[in-house]
Ligand code: DGT
Ligand code: CA
Ligand code: CA
């Protein structure tokens with residue numbers, strides 16, 4: 001179990017306590033513990049198994065250590081479950097509204113008795129919020145406008161949450177002695193950035209044991225529907241999950257069918273028809289005789305198609321590539337040699353330069369760039385020219401003492417609202433690696449956003465545009481960007497584009513990453529790590545790159561540092 005999974009539960013517990021109006025010290029204790037847990041490099045669940053004392057960690061006392069033990073050994077968290085019983089689920093949905101935190105939700109719940117997004121919407125429309133102390137007409141209007149976004153997104157989970165849940169459940173189903181094969185299908189298998197629901201397939205001579213196991217699973221809240229071969233459950237996170245139990249001889253066909261996408265399947269089914277075959281979730285049939293179905297490879301082969309990596313199954317270009325015999329060999333996580341976006345204690349990171357370098361080396365990376373924030377991001381203790389130069393001196397000193405990994409002096413430089421760079425050119429010129437980003441003013445009109453991005457792209461020292469749109473999936477829309485204009489300028493000016501691997505960003509998205517590839521723009525997959533555990537998100541970035549059809553060659557940080565340097569502007 002990943003530390004992040006435990007940290008998220010403590011964060012949620014703190015939110016619930018805050019909504020309830022609990023003692024601030026107690027709330028802060030959970031938040032501090034969550035921070036400690038997510039920035040610790042050792043796996044807490046491993047430490048529990050080894051019977052180590054968790055109170056050795058700052059902020060983890062006896063009570064919290066017990067809770068961690070319960071989460072990791074039983075997959076349960078009774079303190080959290082107890083609180084959840086006291087606060088309706090709809091109240092938590094309010095936290096998804098941009099600009100609304102537990103403090104505000106506490107007021108909505110305790111003072112106005114609101115229990116859901118619908119309640120809140122009605123209260124805003126009736127002007128009840130603006131009558132509260134500390135709330136004005138403006139706040140009320142902005143909350144009302146943002147409820148729509150929260151409602152729209154509350155149905156879809158991030159790929160990281162979806163995968164964490166799906167993988168735990170698959171793991172537990174696999175332990176059943178009666179079970180044959182178990183696998184994740186649907187959008188989660190296609191690694192889509194958000195999942196509407198989870199789809200799991202299993203083979204078993206009797207559907208009873210897997211369905212009983214799922215019904216009793218600690219992640220499951222309730223069974224919505226149970227039939228002979230299909231069961232639908234709701235997880236405690238609100239996500240829903242379909243389990244289908246299928247015969248062995250149909251497993252491949254069912255995987256093909258339920259992995260989707262629907263659009264991909266429409267074409268596959270038509271291809272089968274053209275060959276006089278019938279394709280459904282049970283197999284490929286000629287007249288009524290099954291000719292394939294046990295494995296996905298057989299199913300595709302029977303229709304004269306290659307096996308498609310699930311990430312490509314969107315009916316974009318996969319059939320055109322298959323027909324030409326040119327399915328791309330997609331980049332894998334093992335291809336990645338460097339990570340070029342991360343933070344340290346110099347700005348808002350939790351680890352030092354040295355700790356980040358060593359953690360990166362342990363993960364097998366050969367080079368990194370330290371890219372702390374520039375001064376505009378004062379909330380994150382961003383660096384001005386003086387502090388940055390000192391920071392780079394530190395990096396240069398430390399890199400002499402660490403072997404097995406190279407460290408570049410980088411900066412994540414803000415592109416200011418007035419379309420100037422946050423640091424002067426002579427400072428940027430001294431960097432090994434400059435990431436330019438938008439953090440503020442994301443809602444400016446498209447013209448101004450483009451003016452800002454063009455400032456960065458045409459700056460002689462900018463190497464890459466980081467998390468281009470600035471979106472936070474499910475929470476904040478990205479800026480209004482004219483991508484064809486931007487990507488063309490990036491290609492002309494030898495500027496690379498980042499796929500930010502954080503699951504709440506995944507920015508560039510798959511479509512724009514594919515467009516960048518078409519223009520020959522090197523893509524860099526970066527973790528934007530803020531702690532030694534931040535590197536874990538790399539896989540989400542790689543998956544997004546795969547969905548864009550990128551090969552090892554298309555991704556610049558699969559190269560050795562020497563080869564990578566040849567792609568830089570200054571070279
Ligand atoms: P999601 O859950 O919205 O993120 O997206 P999916 O792709 O997981 O969609 P879901 O869960 O509705 O169904 C899983 C797969 O099953 C879907 O990708 C294709 C297949 N499927 C489901 N219903 C239909 C259908 O009515 N027609 C076809 N052709 N395929 C279907
Ligand atoms: Ca699904
Ligand atoms: Ca489904």
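Read the figures in this text as sums done on the coordinates, not as results from a lab. Every value quoted in this text rests on a predicted model; they were computed, and no experiment measured them. Don't worry about glycine lacking a Cβ; one is built from the backbone with ideal geometry, like all the others, and counts go over all protein chains shown.
Using only the Cα atoms of segment 352-410, what do you get for the radius of gyration and for Dmax, in Å?
Rg, Dmax (Cα atoms, Å): 12.1, 34.
Can you tell me the relative contact order of the chain? Whole percent, Cα pairs under 8 Å, sequence separation 6 or more.
10 percent
Take the Cα radius of gyration of segment 32-125 and divide it by 2.2 N^0.38 Å, with N its residue count; two decimals is plenty.
Relative to the rule-of-thumb radius for its length, segment 32-125 sits at 1.41.
Give me the three principal axis extents of segment 1-69 from the C-alpha atoms, as integers in angstrom, largest value leading.
Result for segment 1-69: principal-axis Cα extents of 37, 20, 16 Å.
Show me the three semi-axes of the equivalent ellipsoid for segment 158-323, from the C-alpha gyration tensor (sqrt of 5 times each eigenvalue), largest first, rounded to whole Å.
For segment 158-323, the semi-axes come out at 28, 19, 12 Å.
Got a sec? Which residues in segment 323-342 would a label at residue 297 touch, if it sits 7 Å along Cα→Cβ and we count backbone N under 18 Å?
Taking a point 7 Å out along Cα→Cβ of residue 297, the residues of segment 323-342 whose backbone N falls under 18 Å are 327-330.
What does a probe at residue 23 reach in segment 59-83, counting residues whose amide N is under 18 Å from the point 7 Å along Cα→Cβ?
Residues 59-67, 79-80, 83 qualify, since their backbone N sits under 18 Å from the label point.
Projected area of segment 64-187, taken from the Cα convex hull and averaged over every viewing direction, in nm²?
10.3 nm²
How much of the DSSP bridge set in the chain is antiparallel, in percent, rounded to the nearest 5?
The antiparallel fraction comes to roughly 45 percent.
Give the percent of DSSP beta bridges with both residues in segment 158-323 that are antiparallel, rounded to the nearest 5.
80 percent
Using the Kirkwood radius over C-alpha pairs as Rh, can you work out the diffusion coefficient of segment 333-565 via Stokes-Einstein at 25 °C, viscosity 0.890 mPa s, in µm² per second?
D = 142 µm²/s.
What number, in percent, do you get for the relative contact order of segment 1-118 if the mean sequence gap of Cα pairs under 8 Å and at least 6 apart is divided by its residue count?
Dividing the mean separation by the residue count of segment 1-118 yields 29 percent.
At q = 0.10, 0.19 Å⁻¹, what log₁₀ I(q)/I(0) does a Debye calculation on the Cα points of segment 397-528 give, no solvent, two decimals?
Log10 I(q)/I(0), no solvent term: -0.32, -1.08.
I want to make sure I understand the PRE zone here: with the label point 7 angstrom from the Cα of residue 228 toward its beta carbon, which residues in segment 256-299 have backbone N atoms less than 17 Å away?
Under 17 Å, as judged by backbone N against the label point of residue 228, lie 281-283 of segment 256-299.
With the Cα gyration tensor of segment 373-457 giving a ≥ b ≥ c as the square roots of its eigenvalues, does the rule (a/c under 1.5 for rounded; else a/b larger than b/c for prolate; else oblate) give rounded, prolate or oblate?
In terms of gyration-tensor shape, prolate.
Nearest-5 percent of antiparallel DSSP beta bridges in segment 333-565?
10 percent
Need one number: convex hull volume per residue for the chain, Cα atoms only, in Å³.
174 Å³
Before rounding to the nearest 500, sum -39500 (n - 2.57) across all DSSP H runs of length at least 4 in the chain and divide by the residue total; then give [θ] at 222 nm in deg cm²/dmol.
-13000 deg cm²/dmol
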